[in-house]
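Okay, structure first, notes after.
The values are calculated or read from the model by the stated rules, or taken from the named source; none is laboratory data. These figures come from a predicted structure and were not determined experimentally. A quick note on method: Cβ atoms are made from the backbone with ideal geometry, for glycine too, and the neighbour counts reach across all protein chains shown. Please note that ligands, DNA and RNA were not included when accessible areas were found on the heavy atoms of the full protein model with its side chains. Shrake-Rupley method; radii C 1.70, N 1.55, O 1.52, S 1.80 Å.
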Amino acid sequence: MKVCINPGHDVNLDSGAVNPRTGRRECDVALEAGQLLQTYLNQAGCQTVLVQDDDLGYVCHVSDDFDADIFVSLHCNAFNTQARGTETLYKSFNGQRLANDIQSQIIRSINTVDRGVKKRDDLWVLNGTNAVAVLVEMAFIDNDDDLEMLNNDLGTIIRAIARGITDYIGGM
Ligand SMILES: [Zn+2]
């Protein structure tokens, strides 16, 4: 099974959202998350490729070139510093199944606000990849409670995402 892991944004060109109090950047959290996910999925016997790039066309190209079965993009949300929680976005029918598996593992594993799974037709990486694709909004980086969870419990979140992926693979 081949999984393309896409940490959102770009550490040199696009920080993504930033916590206004601490300056913690989404691109850095996402990269750390992606590297952890790669380790866990490799241990589970998956083949993986990790790509973080400002150019989303290139990201999709890497996934398709790798012939990925599954594509997982990792992001942090931001809104008004008060909103909290975790949501998983999908577009396709199988994407919804993968999103459900990932979201339910996260909710089971950590005390986060369950914002559910959501269909989105406007996201480049969900539209542009051949793989079954999802985008996980792990938490709100602009909310200090959620940021604390990202800083202290990222491994727990990522292990849950890895289990969600292996649940999906087991049900294929
Ligand atoms: Zn993002």
Treat each spin label as a single point 7 Å out from the Cα along the C-beta direction, and report the Phe79 to Lys2 distance in nm. 3.7 nm
Against the longest alpha carbon principal axis of the chain, how many degrees, from 0 to 90 and to the nearest 10, is the axis of helix 93-109 turned? 50 degrees
Pull up the cross-link candidates among the aspartates and glutamates for Lys2, meaning alpha carbon to alpha carbon under 16 Å and not fewer than 8 places away within one chain. Asp64, Asp65, Asp67, Asp69, Asp167
Residues of segment 68-105 with backbone nitrogen within less than 16 Å of a virtual label 7 Å along the Cα-to-Cβ line of Asn127, please, listed as ranges. 90-92
Probe of 1.4 angstrom, ligands and nucleic acids ignored: what's the accessible area per residue over segment 2-165, in square angstrom? 44 Å²
Surrounding net charge for Gln82, when Lys and Arg each add one and Asp and Glu each subtract one, Cβ distance under 12 Å: -3
Put a dot 7 Å past each Cα toward the Cβ at Gln43 and Asp14; how far apart are the dots in nm? 3.1 nm
Within 10 Å, count the other beta carbons around each residue, average over each peptide in 48-57, 27-36, 107-116, and list them highest first. 27-36, 48-57, 107-116
Could you work out the percent of alpha carbon pairs in segment 2-165 separated by over 19 Å, rounded to a whole number? 49 percent
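Could you tally the net charge around Asn94, taking each other residue with its Cβ under 11 Å from the Cβ of Asn94, Lys/Arg +1 and Asp/Glu -1?
Details: positive: Lys91, Arg97; negative: Asp69, Asp101.
Neighbourhood net charge equals 0.
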Please report the projected area of segment 83-151's Cα convex hull averaged over all directions, in nm². 4.7 nm²
The chain: antiparallel bridges as % of DSSP beta bridges, rounded to 5, reads 25 percent
Gap separating the Cα centres of segment 141-162 and segment 57-99, nearest whole Å: 16 Å
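Run the numbers on the chain and let me know its relative contact order in percent, using alpha-carbon pairs under 8 Å that are six or more apart.
It rounds to 29 percent for the chain.
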Please list, ordered by chain and number, the residues whose modelled amide H lies under 5 Å from the amide H of Asn77; skip anything fewer than 5 residues away on the same chain. Met138, Ala139, Phe140, Ile141
Using per-residue counts of other Cβ atoms within 10 Å, averaged over each peptide, order 72-79, 133-140 from highest down. 133-140, 72-79
Do the sum for the chain: with -39,500 (n - 2.57) for every DSSP H run of n ≥ 4, divided by all residues, what is the mean residue ellipticity at 222 nm, to the nearest 500 deg cm²/dmol? -14500 deg cm²/dmol
Length gained if Asp67 through Asp144 is fully extended, taking 0.36 nm per residue and subtracting the Cα-Cα distance, is 23.9 nm
Applying the Karplus parametrisation 6.51 cos²θ - 1.76 cosθ + 1.60 with θ = phi - 60° to the phi angles of segment 123-133, what ³J(HN,Hα) value in whole Hz is obtained for each residue in order, glycine and proline being reported as x? 9, 3, 5, 7, 7, x, 10, 7, 5, 5, 10
Please state the charge dipole magnitude for the chain, taken about the Cα centre, from unit charges on C-beta atoms (+1 on K and R, -1 on D and E), reported in debye and rounded to the nearest 20. 560 debye
